[in-house]
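Student: Below is one structure. I have some questions about it.
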Amino acid sequence: MSGKLRLFLPSAFCLLAFLSACGNDRVVLEGPDVVFADAFTGGQTGEWLVEGDDAGRTAVLNEQLVIAIEEPQLLQYSTLAEPIFADFALEVDATQLGGDLESSYGLLFRMQNPGQFYRFDITGSGMYVVERHNGDGTWTRFLDDWTESEAIKQGLSVTNRLKVVAQGATLSFYVNDQLLNQFNDASYAAGQIALDAGTFGHGGLKVAFDNLVVRNP
């Protein structure tokens with residue numbers, strides 16, 4: 001499952017797109033609690049479903065999973081085909097390499113299908129959002145709006161370590177080892193994971209993901 005969404009939402013941060021790649025060689029990607037890890041070996045996509053066209057493309061480049069989006073108001077994601085995760089602690093390095101700092105990037109998890117999943121995204125301007133995409137095409141946002149956090153490193157070519165811990169209905173969200181928020185929601189109990197990026201008013205976004213690891217919580 002890999003694809004694009006065009007979203008029309010009633011807020012300043014209203015229209016999105018998807019993509020991925022980046023790195024930190026000091027991250028430990030092995031251990032007895034690790035159930036999946038990927039350092040994105042060059043030229044190999046593994047179980048990641050990637051696609052590309054003139055609007056946006058995903059590729060494994062320079063040992064990173066990179067999402068590049070040329071058009072505004074577009075959301076693009078790359079899904080890990082398997083395994084399916086229920087309870088887990090997922091971490092990944094994410095670096096915005098180009099584009100408007102109000103563009104977003106992050107994680108999708110417990111994906112049921114292209115229209116049902118949880119989303120945790122940040123922006124290069126220091127904002128974050130947590131929301132659920134419902135089967136009828138609507139969004140349920142767990143925050144009133146995009147929320148500012150000093151834990152998020154701002155700007156281009158700076159790496160943020162994103163983390164989601166899912167234990168039953170309890171969902172916890174971290175950036176750079178700092179807890180941003182925690183919510184309870186039992187709508188989706190298990191599913192696929194994906195890396196995403198999104199544009200609002202401007203295209204030209206490029207985001208790199210690296211050093212992804214999934215552990216038992």
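Student: If you go through segment 176-212, how many residues are in contact with a Cys (Cβ under 7 Å, 6 or more places away or on another chain) and modelled with pLDDT under 95?
Tutor: Summing the residues that are in contact with a Cys (Cβ under 7 Å, 6 or more places away or on another chain) and modelled with pLDDT under 95 in segment 176-212 gives 1.
Student: What is the number of the single condition among (1) modelled with pLDDT under 95; (2) over 11 Å from the mean Cα position of the chain (by Cα); (3) assigned to a strand (DSSP E or B); (4) not hydroxyl-bearing (Ser, Thr, Tyr) that Gln76 does not meet?
Tutor: (2)
Student: Kindly indicate the residue of segment 40-73 that is β-branched (Val, Ile, Thr) and not in a loop (DSSP other than H, G, I, E, B) and also farthest from Ile122 (Cα to Cα) among those meeting that condition.
Tutor: Top of the filtered list is Val60.
Student: Here's a follow-up. In the list Tyr174, Tyr118, which residue meets the criterion of being aromatic (Phe, Trp, Tyr) and within 23 Å of Val50 (Cβ to Cβ)?
Tutor: Testing whether each residue is aromatic (Phe, Trp, Tyr) and within 23 Å of Val50 (Cβ to Cβ) leaves just Tyr118.
Student: Can you tell me which residues in segment 165-177 are touching a residue at least 24 places away in the same chain (Cβ under 8 Å), in a strand (DSSP E or B) and over 17 Å from the mean Cα position of the chain (by Cα)?
Tutor: Gln167
Student: May I pose another question? Can you work out which of the residues in segment 90-105 that are of a type in the set (A, V, I, L, M) and surrounded by fewer than 20 Cβ atoms within 10 Å (Cβ to Cβ) is nearest to Ile152 (Cα to Cα)?
Tutor: Taking the candidates together, the pick is Leu101.
Student: Continuing with this model, one more query. Mind listing whichever residues of segment 47-58 are free of Cβ contacts under 8 Å to residues at least 24 places away in the same chain and within 18 Å of the chain's Cα centre (by Cα)?
Tutor: Scanning segment 47-58 gives a single hit, Gly52.
Student: Listed residues Leu162, Leu156; which is surrounded by 14 or more Cβ atoms within 10 Å (Cβ to Cβ), aliphatic (A, V, I, L, M) and touching a residue at least 12 places away in the same chain (Cβ under 8 Å)?
Tutor: Result of the check over Leu162, Leu156: Leu162.
Student: Same structure again: Going by the structure shown, is Gly99 small (Gly, Ala, Ser), touching a Gly at 6+ places or on another chain (Cβ under 9 Å) and at pLDDT 95 or above?
Tutor: For Gly99, the condition - small (Gly, Ala, Ser), touching a Gly at 6+ places or on another chain (Cβ under 9 Å) and at pLDDT 95 or above - is met.
The values are calculated or read from the model by the stated rules, or taken from the named source; none is laboratory data. All figures in this text were calculated on a predicted structure; none of them were measured in a lab. Positions of Cβ are generated from backbone atoms using ideal geometry, with glycine treated the same way; all protein chains shown enter the neighbour counts.
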